[in-house]
Structures are given as C-alpha cells and as structure tokens.
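Notes follow the structure.
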Amino acid sequence: MLVIMVATVVGWWVLLPEIAPKRITIAVLPFEQPSTMPGASAYLGEGIAADIAVALAEVPDFVVLDRAASFAYRSEGDVANRLAGELGATHVVEGRVRRAGGRTDLSARLTNLADFQVLWEEDLSGADADLFAMRDAVAEAIAKKLVLLGDVAISSGPPTGLDAYDAFLEARALADAGDTVRASALAERSLALDENNSYAHLLLGELLHRDARPSAGAHVARALAIDPGSAPAQALKAHLAFLADGDLDGYHGGLTDLVARHRDAAALHRLACLYEAAGRQDDALAAASYLRQLDPLGARPSGCAPLPALAPDEVRAVPWRSAAEVLAAEPAGA
C-alpha cells in the first residue's frame, strides 16, 4: 500500500522497510479560491480538499496523505516534483472553488506525478445548495478513475447548511493553529446551526478532551450515532474509554482492529503512542514509519498525549499484536 523506502533506525523520523506493497498515494491540495471570498468562506478551499481526501482514504487501494502534509506545499515552487520526491505521492488532486451570488463553481483535476499527465478534470456549477453534491461527485469520479477493477461509491462527508459548514471549517483551522477556545466556540456555533454534522461533533469532542472536559464523550457518541463507520471517532471513543476504565487489553484490541480495517491515521497514531508507552519500541517505530507516510510532517512522538502509567503486570498480560501483523492485514474491502 505504500512507497517502499529503507533507512537505518535512529528514531521516529526514520522509515523502516515497508510492510505492504506500493499502492496509489494521493496528495489533495487546498482548492484555490478568489481573494474576494473573505471571512469564514476563506477556508472553503481547504475544506473541500480535506473532505475529498477523507473520502478517497476510504478506498483500500489508496494511501491519502494527511491534509497537514499536503497543505504545507500549497505555496511552494515546483509543487508536483516536491510532492513526489519528498512525500512519495503518485497522484495529486488540485482544484478551484468560487462561491458568489448564490452560485458555486467547482473545478478539479487529477494528475499522475510519474509523467505529469492529467488523467481527469471537470468543471461543475450549481446553486450554493449543490456544493456538497458537487464535492461528492468529484471524489467519486477521481476514485473511479484510479480503481482499475470494480466500482466505488463514497461520500466526502455529511451534507449540512452552508453557514454551519463555514463555521466548522473555521473551527478546524483554528484548532489546527492551537486556538482551542475560539475553535470550540465556532464548533458549538456550527452545531447550533446544524446538530447533525458528525465532523463538528467529533472536532468538538476532541477539543473538549484536550481540555479534560467530561462532555467530550457525549459529542463523540453523537458523532458515531450519525456516522457509525467513522474510524477517527471510534479511535477517540476507545481512547476515552481507556482513560476511564484502564482496560489496556480492550484499548489495544480496539486500536489494532481499527488500524487493520481502515489504515486510519488517527487510530494508527494512538496505537504508535500506546506501543511507546508499553515499552514496545520496535512496534512503535514500525507504526510511526507507516504513519509518517500518511502524515509526513506530523508523525512525531511529541504528539503523544500523556497516558496513565502502565503497570508491568498489565503490560505482560496483554496478548500484543505486533505492528507488522496489524499492518500486513488487508484493509476492509481490499
């Protein structure tokens, strides 16, 4: 599933020999938009790109780079070569979005970075209310173009009101920048406008968890009630349960199952941190190696949240699955 890279082991920042064969690796860049779209709408191009990346990550044959890694190259020169050479991307998705006067224009293209051939491109236009249908159509068209056999049916995310979506996108951008207070307020505003946005519930749950607020669990539960298949929400639910009940075996089993089935970056990051806390350094390195290909700029040990002290007897009692075993499993639907 990954680009094959080999390095000597010197820590989390080096790559170990790959466990799975190379597969399609996609970078989705923020969609360009006119500077005349001020305020919350300024995050629309990032939001569309992030939603499409989430949708493409559902396809078992695809590795989709974390949005933070792809977005870091938005203003760099020679973007295509750098995405291929530095991040191992085989394909890139780019686009434009413009929303004005009640109308939305959305265009996108898919490029093969091996020969810079444009494999697919399309221009879409409709009422503002059609934005989410156009977004989903782009994601599905790209997936179908890259899947050699069979068909795909994917969704880029929940449809919602545009004001609620704008508030959520701004909240996510502020959360990425570390402004949890304003991010939480905007996530709450998004949910006040549309209570059924699973992404906003998950974001608010994560922010409340960072602040050690007990209401975090309720928002994670609501996110899963709306979208039971959300791997990031399942990973956060497992983490909160472990903090509450200390069931190390259950936490390990839940995370390894999520990683084996979904290759979800959030679950894999939590699993790498758990291996680290349990003193299983080889497994921690292997998990971080795989994670770095999903999130080349973010797979660092400093990103591990503190865990309760793990008693040696508890650690020995867990029937640990190695990272090699977990990552060698075929993802769901493969």
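Where in the stretch 142-237 are there helices (runs of 4 or more DSSP H), lying wholly inside it, with at least 3 residues that are among the hydroxyl-bearing types (Ser, Thr, Tyr) and without any contact (Cβ under 8 Å) to a residue 60 or more places away in the chain?
Of the helices (runs of 4 or more DSSP H) lying wholly inside the stretch 142-237, those with at least 3 residues that are among the hydroxyl-bearing types (Ser, Thr, Tyr) and without any contact (Cβ under 8 Å) to a residue 60 or more places away in the chain span 180-193.
Of everything in the stretch 254-268, what is touching a residue at least 24 places away in the same chain (Cβ under 8 Å) and farther than 19 Å from Leu56 by Cβ? Give them in sequence order.
Those that are touching a residue at least 24 places away in the same chain (Cβ under 8 Å) and farther than 19 Å from Leu56 by Cβ: Thr256, Ala260.
Filter the helices (runs of 4 or more DSSP H) completely within the stretch 40-126 down to those with at least 3 residues that are touching a helix residue (DSSP H, G or I) at 6+ places or on another chain (Cβ under 9 Å) and among the small types (Gly, Ala, Ser).
44-56, 67-71
Would you mind stating whether Leu202 is modelled with pLDDT of 95 or more, buried (at least 23 other Cβ atoms within 10 Å of the Cβ) and in contact with a Ser or Thr (Cβ under 8 Å, 6 or more places away or on another chain)?
Here the answer is yes, as Leu202 does meet what is asked.
Would you mind telling me which numbered condition in (1) at pLDDT 95 or above; (2) in contact with a Ser or Thr (Cβ under 9 Å, 6 or more places away or on another chain); (3) closer than 22 Å to Pro60 by Cβ Asp227 fails?
Going through the list (1) at pLDDT 95 or above; (2) in contact with a Ser or Thr (Cβ under 9 Å, 6 or more places away or on another chain); (3) closer than 22 Å to Pro60 by Cβ, Asp227 breaks only (1).
Look through the stretch 267-280, keep the residues that are of a type outside the set (D, E, K, R) and surrounded by fewer than 22 Cβ atoms within 10 Å (Cβ to Cβ), and return whichever of them is farthest from Ser215 (Cα to Cα).
Within the stretch 267-280, the subset of a type outside the set (D, E, K, R) is 267-269, 271-275, 277-279.
So of that shortlist, the ones also surrounded by fewer than 22 Cβ atoms within 10 Å (Cβ to Cβ) come out as 273, 277-279.
Values: Cys273: 24, Ala277: 26, Ala278: 28, Gly279: 31 Å.
The selected residue is Gly279.
State yes or no: is Val147 more than 25 Å from Ala42 (Cβ to Cβ) and surrounded by fewer than 16 Cβ atoms within 10 Å (Cβ to Cβ)?
So Val147 passes the test.
The values are calculated or read from the model by the stated rules, or taken from the named source; none is laboratory data. Note that the structure is a prediction, hence the values are computed from the model and not measured. Quick reminder, even Gly has a Cβ in these numbers, built from the backbone with ideal geometry, and neighbours come from all protein chains shown.
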